[in-house]
1. Quick one: net charge around A134, please, counting Lys, Arg +1 and Asp, Glu -1 for every other residue with C-beta under 11 Å from its C-beta.
2. Rank the residues V3, V104 as a footprinting-exposure proxy: fewest other Cβ atoms within 10 Å of their Cβ go first.
3. For each of T36, T122, T103, count neighbouring Cβ atoms within 10 Å of the residue's Cβ, then give the residues from fewest to most.
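Quick note: the coordinates plus some simple rules give every number you see, no bench work behind them. Since this is a predicted model, take the numbers as computed values, not measurements. Cβ placement follows ideal geometry from the backbone for every residue including glycine, while neighbour counts extend to all protein chains displayed.
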Amino acid sequence: MLVFSHISERDGAAILQIIAKTLQENNVSVDYLIITTYEERLDGTQDLGGLSCFIRAQNTFTDCTLERCMNHNNRSFADEIQQHYIQAWREYQPDAEVFVELTVEGALSLARAADRGAGMHTLITGSLYLVGSALRLLEPA
């Protein structure tokens with residue numbers, strides 16, 4: 001299983017294609033791809049640590065791609081990226097089931113449900129924001 005999110009000026013679909021190609025070349029089959037945003041929790045709360053505070057203090061958060069992704073009022077931005085990622089993934093892993101979850105918490109819940117207690121391995125990658133959120137949710141303080 002792969003949980004992926006990458007939203008920046010870089011080509012996230014190209015990153016996802018490299019991951020898919022590398023997995024394929026190493027005979028690793030991914031049954032499930034979960035594409036998500038950087039929105040951390042289902043209830044809308046977010047903990048990005050000092051970074052979000054720093055960006056806001058510099059008055060640059062308004063134009064930040066991260067804010068566009070996390071803004072529930074701008075679904076078309078996230079939908080466009082997600083569709084681009086699905087197409088990129090299907091080139092190398094056409095048999096995988098692909099899901100889109102709007103929060104990291106939702107993506108982790110879906111991963112747990114798909115596992116059904118079987119101990120499936122899950123790779124969470126694509127962005128430090130995604131991995132950081134996943135770690136906070138998996139290992140709460």
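1. Numbers: positive: R136; negative: E40, E105, E139.
Counting the neighbours of A134, the net charge comes to -2.
2. On the way: V3 24, V104 30.
Arranged by neighbour count, lowest to highest, V3, V104 become V3, V104.
3. T122, T103, T36
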